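Okay, so here's the structure we're looking at.
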Amino acid sequence: MSNKNAERGAATRAHLIDVATRLFAEHGYESTSIGAVLTESAASRGSLYHHFPGKDALFFAVLENVGGRVETQIRQAASDAADPVDWLRSCCLTWIRLACDQEVRQIMLTDAPAVLGWQRWRELDEQGPLGLIRASLTHAAETGRIKPGHVDAFAHSVMAAANEVAMMIARSDDPAATLSAEESAFAEFLDRLLGAPAGAGQA
């Protein structure tokens with residue numbers, strides 16, 4: 001019985017996250033009430049509060065779920081990278097493109113900084129993407145593309161630039177059109193920082 005109860009509990013939690021993800025993406029955090037989540041999910045109030053102490057905890061679970069999907073997509077897009085520098089370039093450009101995704105746009109780029117607070121939002125980046133960026137730039141330093149002493153500053157700069165461009169796209173009235181211009185600019189920024197990718201400019 002305990003295993004079945006655990007399975008039902010896990011299924012209920014996943015369902016609540018799925019419903020909340022859709023509602024947060026469509027209406028935003030402030031305009032999505034716990035009541036709306038309960039109505040759409042057909043879950044009891046007691047069941048929801050068993051899994052999530054409040055709306056902020058539900059939002060954080062949604063953010064983790066969307067973030068996991070984003071990480072998977074980024075890693076898949078960069079799976080054929082020739083080296084760590086090309087991997088970094090692919091990851092950054094994929095992240096920027098994902099700013100057009102409604103869930104990413106609303107949940108990760110619009111609501112997360114406000115709900116979590118800017119400092120906590122930055123801490124999450126520093127715990128995840130920053131370390132990977134630093135590792136790629138360490139390789140760039142080892143292969144002579146940048147000075148070793150610049151790795152940490154460049155890592156913060158690349159992360160900040162990628163997030164800022166993603167924010168610009170997310171806040172645009174026409175994300176797709178903004179992406180077209182900003183993706184090209186950010187690719188040039190990376191090329192100037194790290195050198196053009198292999199084969200660039202060849203027929």
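Take the conditions in contact with a helix residue (DSSP H, G or I) (Cβ under 8 Å, 6 or more places away or on another chain), farther than 21 Å from residue 193 by Cα, in a helix (DSSP H, G or I) and not small (Gly, Ala, Ser) and apply them to residue 165. Does it pass? Answer is no for this residue. Taking region 1-48 as the range and being touching a Leu at 6+ places or on another chain (Cβ under 6 Å) and of a type in the set (Ser, Thr, Tyr) as the test, the residues that pass are 32, 41. A single entry from 77, 114, 42, 61 fulfils the requirement of being at positive phi and aliphatic (A, V, I, L, M): 42.
Sub-7 Å Cβ pairs linking a first residue in region 164-184 that is in contact (Cβ under 8 Å) with a residue 60 or more places away in the chain and farther than 15 Å from residue 92 by Cβ to a second residue that is among the hydroxyl-bearing types (Ser, Thr, Tyr) and in a helix (DSSP H, G or I), at least 6 apart or interchain, are 170/110, ordered by first then second residue. Filtering region 117-162 to residues that are outside any loop (DSSP other than H, G, I, E, B), charged (D, E, K, R) and more than 20 Å from residue 71 (Cβ to Cβ) leaves 142, 152. With a requirement of 1 or more residues that are in contact (Cβ under 8 Å) with a residue 24 or more places away in the chain and closer than 24 Å to residue 122 by Cα, the helices (runs of 4 or more DSSP H) lying completely within region 1-105 that satisfy it span 2-27, 55-77, 84-97.
Read-outs throughout are calculated quantities, based only on the coordinates presented, and are distinct from any laboratory measurement. For clarity, every value in this text was computed on a predicted model and none was experimentally measured. All Cβ positions, glycine included, derive from the backbone under ideal geometry; neighbour counts span all protein chains shown.
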